[in-house]
Amino acid sequence: MVHDGLRITVRDSGPGVPSAIRETLFHPFVSEGKQSGVGLGLALAKRIAEAHGGGISLDESLDGNTAFTICLPQARILEEAAVRPAEKK
């Protein structure tokens, strides 16, 4: 995963990610034990991060302490920031 750039870590205090789905967690329609949702959120987050040259990972998942990190490369962020003002002209 990208180390030189933007890192965003999101933590929650929920029940954690079941070990049965950790290998396929970022695939579409993977979900377990939730009352709602169809299992697309993490698949979409992964696709968006990868489209920007980065990635997303499950860092840890214990009961009450789950953490995901999204990494985006600095070069790509700067490249896209430079293009945006030119698009407004």
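Numbers at a glance
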{"read-out": "Length added when fully stretched, Ser19-Asp63, from 0.36 nm per residue minus Cα-Cα", "value": "14.7 nm"}
{"read-out": "Binned Cα-Cα distance frequencies in segment 5-87 - 10 Å width, integer %", "value": "17, 43, 26, 12, 3"}
{"read-out": "Phi to ³J(HN,Hα) by Karplus 6.51 cos²θ - 1.76 cosθ + 1.60 over segment 75-82, Hz, x for Gly, Pro", "value": "4, 5, 4, 5, 4, 5, 5, 6"}
{"read-out": "Local net charge near Val17, Cβ-Cβ under 12 Å (Lys/Arg +1, Asp/Glu -1)", "value": "-4"}
{"read-out": "Principal-axis tilt of helix 41-51 within the chain, Cα atoms, nearest 10 degrees", "value": "30"}
{"read-out": "Residues with amide H under 5 Å from that of Leu40, placed H, sequence gap 5 or more", "value": "Phe29"}
{"read-out": "For Gly5, distant residues with modelled amide H under 5 Å away", "value": "Gln74"}
{"read-out": "The chain: relative contact order as a whole-number percent, Cα under 8 Å and 6+ apart", "value": "39"}
{"read-out": "In order through segment 62-67: 3J(HN,Hα) via Karplus (6.51 cos²θ - 1.76 cosθ + 1.60), integer Hz, x for Gly, Pro", "value": "10, 3, x, 7, 10, 9"}
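Laboratory data are not the source of any read-out in this text; all were calculated from the coordinates shown. In this text, all values refer to a predicted model and were calculated from it rather than measured experimentally. Methodologically, a virtual Cβ is constructed for each residue, glycine included, from the backbone with ideal geometry; neighbour enumeration extends over all protein chains shown.
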